[in-house]
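For reference, the structure is listed below as structure tokens.
The values are calculated or read from the model by the stated rules, or taken from the named source; none is laboratory data. Fair warning: this is a prediction, and the values are worked out from it, not measured in the lab. Methodologically, a virtual Cβ is constructed for each residue, glycine included, from the backbone with ideal geometry; neighbour enumeration extends over all protein chains shown.
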Amino acid sequence: MKLQDIIDRMEKEFEEIKQMMGVKRMPSYDIIEKEKELLVIIDLPGFSKKDVELEIGEDYVKVKASRERRKEGKYIVSERSYSFYRSISLPYKVDVDNAKAKMKNGVLEITLPIKRKAGKKIKIE
């Protein structure tokens, strides 16, 4: 088991504990494998694309979002998220230079072409 797998499992369990205790949860995401690409979908309700920073590496996606709180009035209850950071490990290496992202109605969709390395034939001595 890779260290990142252990960290991911620990983060998931920690999020479940926080949810049981009523602590705010990070936005949900899906990773969908297509023939030649990965599609990462992240729910960001209440955030616009100007609120979101996105970093993509060969084997990760990092998303940071923040927005201003309303300044009028006094908060009686405050449960909405105003900022978050999430790092997502990818199951394959991706082509960072050809990645694309779009956001509509609070849903961020990131398309990541998968890097597939073909085997190399070598001469036997």
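Here are a few things to note about the model shown:
Each row is one residue, and each column tells you yes or no for (1) free of Cβ contacts under 8 Å to residues at least 60 places away in the same chain; (2) among the polar types (S, T, N, Q); (3) loosely packed, with under 11 Cβ neighbours inside 10 Å; (4) on the phi > 0 side of the Ramachandran plot.
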residue	(1), (2), (3), (4)
Ile42	no, no, no, no
Val61	yes, no, no, no
Lys64	yes, no, no, no
Arg86	no, no, no, no
Asp95	yes, no, no, no
Lys123	yes, no, yes, no
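- Answer residue from the range 13-47, given it is charged (D, E, K, R) and in contact with a helix residue (DSSP H, G or I) (Cβ under 8 Å, 6 or more places away or on another chain) and is modelled with the highest pLDDT among those: Arg25
- Phe84 passes every criterion in (1) closer than 25 Å to Asp5 by Cα; (2) in contact with a Pro (Cβ under 8 Å, 6 or more places away or on another chain); (3) in a loop (DSSP other than H, G, I, E, B); (4) not β-branched (Val, Ile, Thr) apart from (3).
- In the range 93-125, the residue that is nearest to the chain's Cα centre (by Cα) out of those that are aliphatic (A, V, I, L, M) and within 13 Å of Glu37 (Cβ to Cβ) is Ile110.
- Flag for Glu55 being in a strand (DSSP E or B), out of contact with any helix residue (DSSP H, G or I) (no Cβ under 9 Å at 6 or more places or on another chain), free of Cβ contacts under 8 Å to residues at least 12 places away in the same chain and not hydroxyl-bearing (Ser, Thr, Tyr): yes
- Residues that are modelled with pLDDT under 90 and among the aliphatic types (A, V, I, L, M) were ranked within the range 50-91; the one that is farthest from Glu11 (Cα to Cα) is Ile76.
- Residue tally, condition in a strand (DSSP E or B) and more than 22 Å from Asp8 (Cα to Cα), over the range 92-106: 5
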